[in-house]
Structure formats: structure tokens, C-alpha cells
Amino acid sequence: MSAFIQYTLQGLAAGGFYALAALGLAVIFGVLGVVNFAHGACYMLGAVVSAVLLDVVGLHFWPALVIVPILMFLFGVLLERVFVQWLLRLDVLYNFLLTFGIALVLVDLVKRRYGVSGLPYEQPAGLRGQLHLGSLSLPTYQVFVFAFSMLVCVLVWLLLTRTRIGMIVRASTEEPERTRALGINVNRWVTPVFGFGIGLAGLAGVLAAPFRAITADMGGNFVIILFAVVVIGGLGSVLGAVVAGFLVGLVEAYGQAYASSFSQIAIFVLMALVILVRPAGLFGRQETA
Amino acid sequence: MARKTKSAAIAACMTGALVLAGCGGGGPSAGGGKISDDKVVLAVLNDQSGVYKDLSGPNSVEAVKMAVADYQKKYGDKAVASDIEVISADHQNKPDIANTKAQEMYDRQKADIILDVPTSSAALAVAGVAKQKKKLFIDVGAGTTELTGASCNKYTFHWAYDTAMLAKGAASQVKNGGKKWSLVYPDYAFGQDMNKSFTSAIKEGGGTVQQSIPTPFPNDNFATFITKAASSKPDVIGTMAAGGDLINFVKQFNQSGMRDKATLAVGLMFITDIHSLGVDQFAGTTFTDAWYWNFDKKNREWADRFKEKTDTRPSFAHAANYSAALQYLEAVQRAGTDDSDAVVGELEGKKLNDVFLRDGEVRADHNVIHDTYLAEVKKKSEVNEPWDYEKIINTIPAADAYEPVSKACSL
Amino acid sequence: MTEQSAPTAQLEQTAEVAPARRSTVRWVLLAIGLVAAIALPWFVYPPVAMDIAAWALFAISVDLLLGYTGLLSFGHAAFWGSSAYVTGLIAIHVGVPFPVAILGGMLFAMLIAVPIGYLSVRRTGIYFAMVTLAFAQMIYFVANQWHSLTGGENGLQGIPRSFFGIEQVETDAFYFYYAAVGLILLGAWAAWRILHSPFGRVLVAIRDNPARARALGYDVERYKVVVFVLSAGLAGLAGGVFSISHGFASLQELAWTTSGKVVLPVLGGIGTLWGGPVGAALVVLLEDKLATIGFDGIGIITGSIFIVIVLLFRRGLWGTARTVLQGLADRRHRAPRD
């Protein structure tokens, strides 16, 4: 039983991380209708920038947690202004091609500059060791990632539901025409929202630095998992992305624990089932699918 | 230079438009002449842009060039191969590109031998080409025992390491006290082979394998696997993850606190892995090494020369590529020709010794065996200079370091 | 997501030229294509030429779905790859001449496309792409696990190239090209026939306005399943040629990165049929050249090309060239009247 609880906790921890990483993808799709295949590369960039800042100017984990997402936000704004804004009225296919192209370029630039073997990163102060709870033992850092991800998800949720900006953003997601008719300039929010999504990807990257390999390729397969999470949750649904993140984390943990060889396919089986049974994902608007 | 050869070949084809023969790439080289095309061409085909770039990649080309220089220095005017060229290509770890490039190297660039080729599927594909074209292929970078097993052929040699050798080296620590093992392996051919080899080697050594846990490949999240592996309270946890996955595993292993409770044994690790993650994260980890630059004076001298050219320390793959190129040229020298069959004849059954091969021997299955080492990663406080990361705990003599000649192989 | 009209809707209108002239142009293009296919191995290293031909047919198969039916499949690796394996297994274990083995691989790809297509075509847009990806990943998983049959990650090695005992074809890539390119041309011709048939016109109607096609009494889902299976067959044909050409089939053939080759027709121009081969030639030649050039930034170059295409030449290389040429032709045509 204690093993089961341990696996559950690990699944929730992994799920929180997926939810946070997928959040930006969901927000970007929701507001811009852009399928951002470069999200994995931006996540990678967040981790690489943290490692480089630590190495060059000695910027540690805690300040990086604030500074790197801001840098990534600015990078996102730049990306939107230079490339993505031309996509807004085009088919999803062109999104895919352009953002895929951006990802390829970013990954290779990092490879050329920082090599292929990965960059070192320290264990953040105050988060080393394990937390013990009876017979259970969890890495402190894992618990922190879970708690922090939850906090960010809740904050984003409050931002979207309790503030005027959030109302406008949500309205322009769900009823773009009517929002425009009410005299709200929807386009004004496109750039900051894209930057915000990229900032969230960067934040996930900072969180990843202490417990994952920091290499140029770290976002390659990760982005596929994130897409699965977002699709399972329902495209454009922020709540869906969070719930699906946990679902995927739990399915993965139980799969790894009880059916190891099948764990790698579990997420895709889950995705196929969800799409076939609920055409627009768990929380997408079903009638339009 | 690649382009030149190619356009010349195209020109030849165009002028002989009606005589179709020869345009698809010539047959095997003429056996009579001393040196085909008056030139010996060594081709390095490996990963120059992906995950294996640092541990082999462009620096292996440098190592091969060092071998050429040493050969020329040793024999001077008496060298059979007076004109030697080293060419290279990036197979991007894709077997189809490796396969096409290998054909092109043999046919159009007149390569007499192809070297390195990491990634097992790519190596096996190139072995097939070597067999068809009757040209030499010495693999260094791939780990599969298939190369000297069911897929072996007369023209293919396997130089530095294979999965069985890695297992035998690691299992040698059973007698140092690591009796109970849990294995975690990525669920694809390499990992499955490693798991099998490790399990039998550990049993032979008198240890037990409590669990064998397959993981996805590639994989970022090892938390649950580590918990599961630790649940049987093993002395040693063996991971067969490599590259980025290995770093993921080690970071999460350290965070889980298991480092104080069990030894971590890594199936396949290069010194470049230790360098990139930092020696502290790996401290105390054991692994099988085929060669270590700071093992003795001879290695160190070679490593110093390597550093002058590349500004870094060599991995065992670099040294093995040097050794393979050097022994090939020595065989050409003995044979007095670069004719493939004659050179193969000069390699088969030979006892070889150089900076990489200690007590080396080319076996009947073309597996080149040699002494191997069980290494432990030093603590940060024990490191005296950059790249000084390893303590050699055991030396496994060549005769015990590999599986016996495979029955599946008939040349 | 609503049933959206495909991005190609605006592309087809370029073809509004006098029917007689259009048909002449069409035949001239076919002739040029044929000559190009025959001349290719004289200018390009034959194994590379074979790769171009195989990827060209794969790109056509994707275009059939994407450009003409408006379905973006992100799981076409399943058909390319499973045919590569089945072709290889037949060639190894049965020892039939290679075209027969490839036919077997193609049929297998179509067979698995029936259930996958049946389940997937009810979804559109990204959901369709992701559900096809999920199925492709499941097939990848099976191939990886079934080590004894497929060789797992090591790949299925040593696929023979038997061809009625004609030694040149069996051992020489140059002659093999001519023996195999016929299959590719046959596949391309089939795609051309499909598109210029009443069936093809229904597909375009579905792409442009599914609701209207349904209202006209067409069973939209059935049409989609049929074209999905046909497309899978073409991808399978291409994958079979690829595995015979290389003499092995590897897991890479089934990986999602192979499905990612859907970019090929987009580079060339979707909904043009010719765009696929143009995109395939570009990417294969680029990959080949960059392997020896000593520049380790392949992604920087291919990525930049993708970006430039989307931002500046959205109709793809072929689509843009066609528009420009047509513009010139129309201007010359009108010139006397001006």
C-alpha cells in the first residue's frame, strides 16, 4: 500500500510539471489559434539559459525562477512580432511548419554554441535531500516542483477568471467576433499572450534544470507529450490542460510501476481513447468538434 | 573533394552514355595492383552533429589522422601506402544515410576502409554494404554483438567494446562485494541486450539480479523506476540508460537519496558524460571502460598529443579509432597491398598491441578483444586536473573480458 | 473545431485557364516529370536518386490527403514503415522477386489503414492529426517490442533484392533504380488518375465544403476512409521501395519524425501533386550534401527554409513557380489586346 501511495505521489508530481509545461501551449492555442511546435524548444531554452546564467554570472536557481521567465517572455514577444503574427489567419498546417522550423533552428543554434553533451546544473539550495513521511520518502525537489506548479496553475487560473485582462483574453478566445463587436481590440492582446505562453515554457525549463538533462534535444520528445496533454484536455481549455497533465502523470507513474514495458505507449492509448470517445478532448467545447 | 570525385564520375557516365556499365558504381577493386587508385583512402563515418558528436565525432577524424601521421613517420620511404587520404561524413545517426554514404564512400570516393559508425542499426547497415562491396569496415562506435554474431562477415571487424564486454566488466565488482543487483534498462535493442548480458554475467560472478525493469526510450522521468528498483534493497543499481537519458537518471537518482544506500553502476558511459554533468553528480559510480587516458604513461603521452590537436582529452572511442586506423595501415604494410582480402588475411588471428589494445587479439569472429577496466568515478576532492575523473579498480584480462566466439557467426 | 476548409482552397483557382491549353500544359508536365525520373540517376548518386523517388511518392500520398481532402495525417510513418518491414520480411522469408514483396507490403499498409482510417476520419484538424499519431506510435511500439520478428532497434537487416536472377539489378544501385522506379511511377500515375476522376472531384468538394458535400448526398466519411486507405497504399509502396533499396528496415521508418515528413508536400506546394516530388528532392539532396560538407547545423538550414517558405512562398516552391509562370503566360496572351 505504501508503494502505491508513493507511486501516486510521484505521478502527481510529474503531472503537476506536465500541467505547468502544457499551460503555455494551451493558452497560446486558446487565444491565438496557433499550434506552437516550438514550445519544446522554448522549454529547452529556459533550461539552457538558467544553466548559462549560473555558469557565467553565477545566477542561482531562486532568482533564475523569476528572471528567466521574464527573458523568455521578451523572447516570445520577439518571436510573435517577427514570425508568428503572420500566421494568425492561416491554416494550422502553416503554424506547424513555421514553428517546427523555428524549433529546428533554435535547437541547432544551442547545439553549436553549447555542444551536445549537456550542461551542468547545481541542486538548488534548500531543496536538497528527501522529505520523510512515515515509511514514505520523496525527493524534496520533487515535492517543490509539485507545489510550485500547482501555485502557478492556480495563479494563471485566477488571472484568467478574476481580472479584467483575463476576461478579455477569455472572451477573445471563446467569442472573438462578439468581443470585437463590443469594441475591444482583441489584437492588442495577442502579442503579450504569446509572450506569456513562452514565459511559462521558460519557467518549466528552469524547473527542469535541476532534475533533467539540459541538452539541446530535451524538448524534442517532450513537445509531443505536451501536445498529447493539451489534446486530451481539449484544445484551448486551460482547465483541461491542467487536469490532463495530472491524468497523464498518474497514468505514466502507474504504468511504470505496474506494467513497465507498456508505459511508453500508455499516453498514446489514452489520447486515442479520449479523442475517439470525446471528440474535442475532456474539456473542449464538444459541439464544435 | 567529395564533389570532385562525384562530378568526375558523372562526367564519365555522361560521356559513356550508351555504355551503361560502371555508372552505378564500380565493382570491387582490382586485386592485382599494389595500391588501388594509387591511394589509400580511410573514411570515417560517424555522428558529427548529434548526441555522439563529443564522444567520437570530428575528433575521431583527428585521431585517424594521427594514426596516418604515425604510420608515415614510422615507415617513411618504405611505406607501402605512400599517398593516404582521410575523408569523413556525418550519418546523423540515421541508418539510411549511413547506408547510402557507405556505398558512396566505397564506390565513388574510393574508400578502402570505413571506420567508427556509432548506432547499432547504422553499423549493421554498413556491415551489409562492406560485405557486398568486399571492402573493409572496422566498427568502433556501436555496441551490438550482432556485428560479430549472426550479422558477421569477412570484411567487418568490431574494435573497442560490445554489450557483453560492458556486462563482464561491470559484473567483476560482484567479487568486490556488490552481490544483489537491480537493473533498469531502456526497452530497445541495446538496452535489452545489455539487460541479458548483465544478468548472465552477474549470475556467473556469483551475484543475483533481483529485478529487471524496462523503461521507455527516450525517457525524462525515472522517479518511479528508481523507487521500484530500490524497493528490493539492492547493493547495486545498474542503469543501461545512455546519453541524455543517463543524465536524467543520475540527477533523479541523486535526488532520491539512493546514492547513500546503493552503488550506481552505469552500463555504458564515456568520459565526456562525466565531464558534461560534473564529476560530483557521478562520484562513486562504477562502469566498464575500454580505455582511460590517464591510466599509464603510454596513454597519457598519446592523450597529450591528442590534446594539442583538439584541445580536449580523448574518450576511449577516439583512442580506438586511432588504433583501428593504425592497425589497418600496418596490415596494408605487411600485405604490401591494400587489396581487401590480403589485408583481412593480415589482420585475422593476429595478436596486436598499441596504445589502445593491451593484449589485443583479432578473433575468428573478427571481434578484437583486449584488456578492459572497471572504473569508479572519483570524488571532486580527488580530482587533480581537468578530466582526471577515473580510478581503475579492476583490470579484466582480454581472455575473460568478452563472450566466447559466437556460434551464430560464420564468415 | 469546426469543419474548416483546407488551406488549399485558394490554390486551385490558379488553374482557371482555357481547358485546351490546360490539358496541353498537363501533358507537357507529365512528359517532363517522366524524363526527370528517368534521367535522375545520371545526375544524382543512384541510391540517393532512389531515396528521392521514394520520398516523392510518400509526399504525393500525403498530398492526396492534405492537399486534396484537407486531412493532415501525422501518422503516415505507420504505413511507410509497416510496409518497409512487411516488404523486408517477405523478401527475406519467401524470397520472391522484390516487386512482389513490395506489393505485399503495400497491401499490408492498406489493410491496417482500414481500421485506423475508419476510426480517425470522424475527427478533423488537429484531433485527426493527433489520433493518427497515436495509432502510428502504437505500431512503432509493436515493432520495437516484437524483437524476434523485426530486430527491434537494430533494424531488420539483410533484406535481399532478388529480381529474376538479373545480377545487375540485384547488386548495382544504378540498374536497380530503373527496375524500381517503375513502381514509383505507377504509384504517381495512380494518384494522378484518382485526382482526375469523378472520385477526385468529390474529394475536392469535401475539402472545400464538407457540409455542402454532405447535403448533396455524398457519404463524406466513406469517401475519406477510401482516400485514406489509398493514400496509405501509396505511402506503403514508397516505403517498400525504400527498404528494398537500402537492404534494411529500421525503427526510424516508424518514428514520428518520419510522419513529420508531411512537410515535404508543403515545401513543394500542397494541392499541386507536383509539389511533393519537388519538396522531396530538395530535402533529400540537402540532407545528402550536408552530410559531407562538414557543417553541423543541418537544422539551421532546413528550419530557415521552412520559415522562409511559410512567410514568403506559401504556395510552396512548385506552387509559386506555377503562379509566376502562369502570370507571365497570361500577360503575354493578353499583350496584343492591350
What's the total number of residues in the stretch B:176-226 that are at pLDDT 90 or above, part of a loop (DSSP other than H, G, I, E, B), touching an Asp or Glu at 6+ places or on another chain (Cβ under 9 Å) and closer than 20 Å to B:Leu374 by Cα? 2
In the stretch A:83-110, residue surrounded by the most Cβ atoms within 10 Å (Cβ to Cβ) [restricted to those that are assigned to a helix (DSSP H, G or I) and at pLDDT below 80]: A:Leu93
Qualifying residue in the stretch A:211-223 (condition: at negative phi, surrounded by fewer than 24 Cβ atoms within 10 Å (Cβ to Cβ) and more than 10 Å from chain B (Cβ to nearest Cβ)): no
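Yes or no, residue by residue, for (1) more than 18 Å from C:Leu72 (Cα to Cα); (2) of a type in the set (Val, Ile, Thr); (3) more than 14 Å from chain A (Cβ to nearest Cβ); (4) not in a loop (DSSP other than H, G, I, E, B):
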{"site": "C:Ile244", "(1), (2), (3), (4)": "yes, yes, yes, yes"}
{"site": "C:Leu264", "(1), (2), (3), (4)": "no, no, no, yes"}
{"site": "C:Gly271", "(1), (2), (3), (4)": "no, no, no, no"}
{"site": "C:Ala281", "(1), (2), (3), (4)": "yes, no, yes, yes"}
{"site": "C:Val284", "(1), (2), (3), (4)": "yes, yes, yes, yes"}
{"site": "C:Lys289", "(1), (2), (3), (4)": "yes, no, yes, yes"}
{"site": "C:Asp296", "(1), (2), (3), (4)": "yes, no, no, no"}
{"site": "C:Gly299", "(1), (2), (3), (4)": "yes, no, no, yes"}
{"site": "C:Thr302", "(1), (2), (3), (4)": "yes, yes, no, yes"}
Name the helices (runs of 4 or more DSSP H) wholly inside the stretch C:74-191 in which the number of residues that are hydroxyl-bearing (Ser, Thr, Tyr) and under 30 Å from C:Asp208 (Cα atoms) is 1 or more. C:98-120, C:125-145
In the stretch C:75-93, anything surrounded by fewer than 24 Cβ atoms within 10 Å (Cβ to Cβ) and either within 13 Å of the chain's Cα centre (by Cα) or polar (S, T, N, Q) (or both) is listed as none
Look at B:Ala325 and say whether it is at pLDDT 95 or above, aliphatic (A, V, I, L, M), closer than 17 Å to B:Leu147 by Cβ and assigned to a helix (DSSP H, G or I). no
Selection count where residues are within 14 Å of chain B (Cβ to nearest Cβ) and not in a helix (DSSP H, G or I), scope the stretch A:226-277: 1
Residue among B:Ala89, B:Ala81, B:Ala98, B:Ala30 that is at pLDDT 85 or above, away from every other protein chain (no Cβ under 12 Å) and over 26 Å from B:Tyr292 (Cα atoms): B:Ala81
Looking at the structure I just gave you, is C:Gly275 within 7 Å of another protein chain (Cβ to nearest Cβ) and touching a helix residue (DSSP H, G or I) at 6+ places or on another chain (Cβ under 7 Å)? no
May I ask you to verify whether B:Gln255 is over 21 Å from the mean Cα position of the chain (by Cα) and within 22 Å of A:Phe222 (Cβ to Cβ)? yes
Tally time: how many residues in the stretch C:102-144 are β-branched (Val, Ile, Thr), more than 11 Å from chain A (Cβ to nearest Cβ) and either over 19 Å from A:Leu270 (Cα atoms) or surrounded by fewer than 22 Cβ atoms within 10 Å (Cβ to Cβ) (or both)? 3
If only one of A:Leu119, A:Leu136 is touching a strand residue (DSSP E or B) at 6+ places or on another chain (Cβ under 6 Å) and in contact (Cβ under 8 Å) with a residue 24 or more places away in the chain, which one is it? A:Leu119
Does the stretch B:54-83 hold any residues that are over 23 Å from B:Val355 (Cβ atoms) and either part of a loop (DSSP other than H, G, I, E, B) or in contact with a helix residue (DSSP H, G or I) (Cβ under 6 Å, 6 or more places away or on another chain) (or both), and which are they? B:Ser82, B:Asp83
Residues in the stretch A:88-103 that are touching a residue at least 40 places away in the same chain (Cβ under 8 Å), under 15 Å from C:Ile126 (Cβ atoms) and facing chain C (nearest Cβ under 7 Å): how many? 2
Anything in the stretch C:252-290 that is in contact with a Leu (Cβ under 7 Å, 6 or more places away or on another chain) and closer than 19 Å to A:Gly220 by Cα? List them, or say none. C:Trp256, C:Ser259, C:Val262, C:Val263
The stretch B:55-78, residues that are hydrophobic (A, V, I, L, M, F, W, C) and away from chain C (no Cβ under 14 Å): B:Leu55, B:Ala63, B:Val64, B:Met66, B:Ala67, B:Val68, B:Ala69
Would you mention how many residues in the stretch B:220-264 are within 7 Å of chain A (Cβ to nearest Cβ) and within 19 Å of A:Leu207 (Cβ to Cβ)? 11
Restricting attention to the stretch B:189-211, which residues are within 14 Å of chain A (Cβ to nearest Cβ) and farther than 21 Å from B:Glu403 by Cα? B:Gln211
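The values are calculated or read from the model by the stated rules, or taken from the named source; none is laboratory data. Note that the structure is predicted; figures quoted are calculated from it, not measured. Please note: Cβ atoms are built from the backbone with ideal geometry, for glycine as well, and neighbour counts cover all protein chains shown.
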